[in-house]
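The values are calculated or read from the model by the stated rules, or taken from the named source; none is laboratory data. A quick note: this is a predicted structure, and the numbers were derived from the prediction, not measured. Positions of Cβ are generated from backbone atoms using ideal geometry, with glycine treated the same way; all protein chains shown enter the neighbour counts. Remember, those area values only see protein heavy atoms, side chains included, never the ligands or the DNA or RNA. Shrake-Rupley method; radii C 1.70, N 1.55, O 1.52, S 1.80 Å.
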Amino acid sequence: MSKLDPLPGLSPYPLQHFYDEMYADERSIRPHYKHVNRMFSGMSPEELQLKQKTMQRRMMEEGITFTLYNPAQDHPMERTIPFDMIPRIIPKGEWERLEAGIVQRITALNLFIHDIYHEQYIVKDGVVPRRMIISNCYFRPEMSGLRVPGGAYVTTSGIDLIRHHDGEYYVLEDNLRTPSGFSYLFKGRSLMNQLFPELSLASSIRDVDHSLNRFLSVLRSLSPSRTKDPVIALLTPGEYNSAYYEHAFLAQQMGIHLVEGRDLVARDHKVYLKEMNGMRRVDVLYRRLDDDFIDPLAFQPNSLLGVAGLMNAYRAGNIAIANAPGTGVADDKAMYVYVPDMIRYYLNEEPILGNVPTYLLSRTQERQYVLDNLNEMVVKETSLSGGYGMLIGSEASKEELADFRLKILADPVRYIAQPIMSLSRAPVLSGGRMAPRHIDLRAFVLMGADRKPHVIPGGLTRVAMKEGSLVVNSSQGGGVKDTWVMA
Amino acid sequence: MLNRNAEALFWIGRYIERAENHARLIDVHYHIQQEEDFQAEGHKWSRLIDALGVRNEYLQQFEGFCEQDVLSFITLDLGNSNSLFSCVHQARNNLRTLRQHLPSELWDIINSFNLWLGEQSVADILSGPHQFYQQVKERAAMFLGAEQSVMLRGNEWRFIESGRFLERAENTTRILQAVTVSCKSKDINAIYTQLQAVLKSVSGYQAFRRYYADAMSPESILEFLIVNAYFPRSIRFSFHKLEEHLAKLQLDSSEKGSGHERVIRQAGKIKAELDYMEKEEMSGDLVEDVLQSLMGSCQKLGRTMEGAFFRREGVSA
């Protein structure tokens, strides 16, 4: 008997009623996991723990970290994200369906954003209520009527998906502003290759490296100038941003400039890099700053992070911004409810991927239902992300439930609610053994001026490292897994 | 290269040099203790605080001077922006903002250095101060070695080196100032003991003996540390190197005549002063003025560089 198999009579790997990615039932492994299971079963718990330690140490030494802020501390803590070594595997056919669904969704969302900032047909036709647009804090009137390069608004996006106990994937969230996690995907894969060369050699996994090249060509395609070698810069809030490692990683891998607002200056409706040898014109700016901060002249006047005059240069057509400002109008958690209708409206197709049933608390009936069943709901603030401002009914105390009830009643428009989905589980290594943990999947999509979405094979599997927990966000202690798509 | 990156590189050079200097100074302090009589236990440790010029900062946190508090404050305390750990931490954060431009070996060395310091406690230092500071020196040397052996000799390298030599010149000046001031009222023997400690702190004792084996006077030590042309930690040597690196920066010719030339001119002037310094200037009361003026020149040069390279806002497009 191998060391990781469940012991007879006692099940150390209980499936309960969840869908498990590796185990079809407690005695049988799904076929596409056989190889990986055999390999991890062949290693002793000590060996596995050692590998896990090596991995975490490597990440620390290489500085693959994110920054956690704690007001009680003088200096922000840099942490590595917990990286679990057992990969998540998606079979070919399953991925093809996912990919088609994601492409369909992003295509419709991009059309929606274009429509909202131009004719607003979807509002006129009564599919999306007007107040959803004008009351939306991510709506940017400044973008109205503006032609963006190639009509590509969502250059980068991250679609969060879960698998329910019925085995089906559901879209949980569309992240259309500037989603994070690319670096963990690419770096995770290369660390896995270093640590387990035998594992990846023996399986045919779809490669992710070419997606990095794709990333660069997508950014280049947006360049408004005809120069052969456009100047591309990644705009970061700086080294204290929690995703700074990712910014540095992407800039390094793509060979683009890593800049902060103070490195740029806008003159005569053009944006320049302040270099030792003078000024250099920027063609494409991949910004990793929220809309509010990119240009103090156009948006928040007290922001020190952005570039004064950037929006004027953008309006003059002298620079491309990825992602375009104002894309958040479509990734508001309340707007999410309308995405299946957008797909039908713009593409005349049925959605391939379903939404999680969602209640808008602004609607009286839905609100009443949610309040009556609060302990079975996840309630989210529409404008917050990263697992903040969230209530998980089943995990909350009586006081927390009562508190949230008051918050909802005070400002129902701010919240949506969803039934608690039973996220699928996958084994993680815990103390040298396999233990089930809940997971989701962030699929990354890149779209250039040709408006053909490219889905990076696999994406990033996020893991709730705490037993039983449903919270997978890295800011809340979640971890990640390498994600394989079988070729 | 972005202006900000140039500044970060310059400060990487300074911070690593400063960390190394701190380690040398603290380490050698143990030698002085053995050779000199101190009236009180506290005095031993307060002198170390003074040599690093952080008395006010220290007294905001502590009331008295004891070995544990002093070592912890000047070595490991991230709240003290001038502690050894702070220097390494800053250098590491600076390097983090330009990893993509530098050989990854440099990042690996400095990040490990930073991680290692983060794991140390004051107990680790107390269990073997000499070994501890020796390790710091070795890690700094490792960084220097990698930088010397793998970096392209472009502007990136020149900025790190400029930072290093400006910091070194300033540092040697500051240590000598501390000695000449504190020994003013004492007899020749006390000055001599202290200068000897300074020599050791810059690892110059053996080199010095090759020049002045038969005349170990305070004057000769001062002369050696200020104007020797071959000792890499003398002030004159540092300025020769500094001027060379500044002059070899490859900047757009259209930008010349402005800040860059001023920087070179200033460094050259200080270098020339050191080249033509008379022996008499390095003894007695005169040396204090010389050191004072050198310190002023170092600081002025730092400010000029800042204006010339790092803070330019003008647009030429």
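Looking only at residues in the range A:40-68 that are among the polar types (S, T, N, Q) and out of contact with any strand residue (DSSP E or B) (no Cβ under 7 Å at 6 or more places or on another chain), the one that is modelled with the lowest pLDDT is A:Ser41. Considered as a group, the residues in the range B:100-127 that are in contact with a helix residue (DSSP H, G or I) (Cβ under 6 Å, 6 or more places away or on another chain) and among the aromatic types (Phe, Trp, Tyr) include one that is farthest from the other protein chains (Cβ to nearest Cβ), and that residue is B:Phe113. Checking every residue in the range A:248-260 against the condition of being of a type in the set (Phe, Trp, Tyr) and facing another protein chain (nearest Cβ under 8 Å) gives zero matches.
So in the range B:1-30, with the set limited to residues that are away from chain A (no Cβ under 13 Å) and among the charged types (D, E, K, R), which one is surrounded by the fewest Cβ atoms within 10 Å (Cβ to Cβ)? Restricting to residues being away from chain A (no Cβ under 13 Å) and among the charged types (D, E, K, R), the top hit is B:Asp27.
For every residue, the table says whether it meets (1) over 18 Å from the mean Cα position of the chain (by Cα); (2) open to solvent by 40 Å² or more (accessible area, probe 1.4 Å); (3) among the small types (Gly, Ala, Ser); (4) on the phi > 0 side of the Ramachandran plot.
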site: B:Ser220; (1), (2), (3), (4): yes, no, yes, no
site: B:Ile226; (1), (2), (3), (4): no, no, no, no
site: B:Tyr230; (1), (2), (3), (4): no, yes, no, no
site: B:Leu249; (1), (2), (3), (4): yes, no, no, no
site: B:Glu261; (1), (2), (3), (4): yes, yes, no, no
site: B:Ala267; (1), (2), (3), (4): no, no, yes, no
site: B:Lys271; (1), (2), (3), (4): no, yes, no, no
site: B:Glu278; (1), (2), (3), (4): yes, yes, no, no
site: B:Met282; (1), (2), (3), (4): yes, no, no, no
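Taken over the range A:308-343, the criterion of being in contact (Cβ under 8 Å) with a residue 60 or more places away in the chain and small (Gly, Ala, Ser) is satisfied by A:Gly317, A:Ala320, A:Ala322, A:Ala324, A:Gly326, A:Gly328, A:Ala330, A:Ala334. Exactly one residue out of A:Val271, A:Val218 is of a type outside the set (Phe, Trp, Tyr), part of a helix (DSSP H, G or I), open to solvent by less than 60 Å² (accessible area, probe 1.4 Å) and within 28 Å of A:Arg315 (Cα to Cα), and it is A:Val218.
Residues are listed down the side, and each one gets a yes or a no for (1) in a helix (DSSP H, G or I); (2) touching a residue at least 24 places away in the same chain (Cβ under 8 Å); (3) aromatic (Phe, Trp, Tyr); (4) closer than 28 Å to A:Arg262 by Cα:
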site	(1), (2), (3), (4)
B:Trp107	yes, no, yes, yes
B:Trp116	yes, no, yes, no
B:Tyr133	yes, yes, yes, no
B:Glu138	yes, no, no, no
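A quick yes/no check of all residues on (1) at pLDDT below 95; (2) in contact with a Ser or Thr (Cβ under 9 Å, 6 or more places away or on another chain); (3) open to solvent by less than 10 Å² (accessible area, probe 1.4 Å); (4) outside any helix (DSSP H, G or I):
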position	(1), (2), (3), (4)
A:Ala298	yes, no, no, yes
A:Asn302	yes, no, no, yes
A:Asn318	no, yes, no, yes
A:Pro325	no, no, yes, yes
A:Asp332	yes, yes, no, yes
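Any residue in the range A:281-295 that is within 9 Å of chain B (Cβ to nearest Cβ) and surrounded by fewer than 22 Cβ atoms within 10 Å (Cβ to Cβ)? Checking the range A:281-295: at least one residue is within 9 Å of chain B (Cβ to nearest Cβ) and surrounded by fewer than 22 Cβ atoms within 10 Å (Cβ to Cβ). Within the range B:209-228, the set of residues being charged (D, E, K, R) and free of Cβ contacts under 8 Å to residues at least 60 places away in the same chain comprises B:Arg209, B:Arg210, B:Asp214, B:Glu223. Would it be correct to say that A:Glu198 is more than 14 Å from chain B (Cβ to nearest Cβ), closer than 27 Å to A:Thr54 by Cβ and of a type in the set (Asp, Glu)? Answer is yes for this residue. Within the range B:84-105, being of a type in the set (Ser, Thr, Tyr) and either in contact (Cβ under 8 Å) with a residue 24 or more places away in the chain or open to solvent by 10 Å² or more (accessible area, probe 1.4 Å) (or both) holds for B:Thr97, B:Ser104.
Would you call B:Ala146 over 19 Å from the mean Cα position of the chain (by Cα), more than 30 Å from A:Gln253 (Cα to Cα), more than 14 Å from every other protein chain (Cβ to nearest Cβ) and part of a helix (DSSP H, G or I)? So B:Ala146 fails the test. Among the residues making up the range A:274-283, those that are assigned to a loop (DSSP other than H, G, I, E, B) and at pLDDT below 95 are A:Met276, A:Asn277.
Restricting the range B:67-82 to residues that are open to solvent by less than 20 Å² (accessible area, probe 1.4 Å) and touching a residue at least 40 places away in the same chain (Cβ under 8 Å), the residue that is farthest from the other protein chains (Cβ to nearest Cβ) is B:Leu71. Within the range A:395-414, is even one residue in contact with an Asp or Glu (Cβ under 7 Å, 6 or more places away or on another chain) and under 30 Å from A:Asn193 (Cβ atoms)? Scanning the range A:395-414 turns up no residue that is in contact with an Asp or Glu (Cβ under 7 Å, 6 or more places away or on another chain) and under 30 Å from A:Asn193 (Cβ atoms).
In the set (1) within 14 Å of another protein chain (Cβ to nearest Cβ); (2) open to solvent by 60 Å² or more (accessible area, probe 1.4 Å); (3) more than 24 Å from B:Phe73 (Cα to Cα), the condition left unmet by B:Arg210 is number (1).
To keep it simple, each residue is scored yes or no on (1) within 22 Å of B:Ala6 (Cβ to Cβ); (2) modelled with pLDDT of 95 or more; (3) part of a strand (DSSP E or B).
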| position | (1), (2), (3) |
| --- | --- |
| A:Ser225 | no, no, no |
| A:Lys228 | no, no, no |
| A:Ala233 | yes, yes, yes |
| A:Gly238 | yes, no, no |
| A:Ser242 | no, no, no |
| A:Tyr245 | no, no, no |
| A:Ala248 | yes, no, no |
| A:Gln253 | no, no, no |
| A:Arg262 | yes, no, no |
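Annotation note: of B:Ser81, B:Ser86, the sole residue that is modelled with pLDDT of 95 or more and of a type in the set (Ser, Thr, Tyr) is B:Ser86. Could you tell me whether any residue of the range B:174-181 is in a helix (DSSP H, G or I) and surrounded by fewer than 17 Cβ atoms within 10 Å (Cβ to Cβ)? Checked against the condition, which is being in a helix (DSSP H, G or I) and surrounded by fewer than 17 Cβ atoms within 10 Å (Cβ to Cβ), the range B:174-181 yields at least one hit. Residues of the range A:355-404 that are over 23 Å from A:Cys137 (Cα atoms), outside any loop (DSSP other than H, G, I, E, B), open to solvent by 30 Å² or more (accessible area, probe 1.4 Å) and not hydroxyl-bearing (Ser, Thr, Tyr): A:Gln365, A:Gln368, A:Asp372, A:Asn375, A:Glu376, A:Glu395, A:Lys398, A:Glu399, A:Glu400, A:Leu401, A:Ala402, A:Asp403.
Flag: A:Leu305 does not match the condition of being within 14 Å of another protein chain (Cβ to nearest Cβ), touching a residue at least 12 places away in the same chain (Cβ under 8 Å), within 25 Å of B:Pro103 (Cβ to Cβ) and in contact with a helix residue (DSSP H, G or I) (Cβ under 9 Å, 6 or more places away or on another chain).
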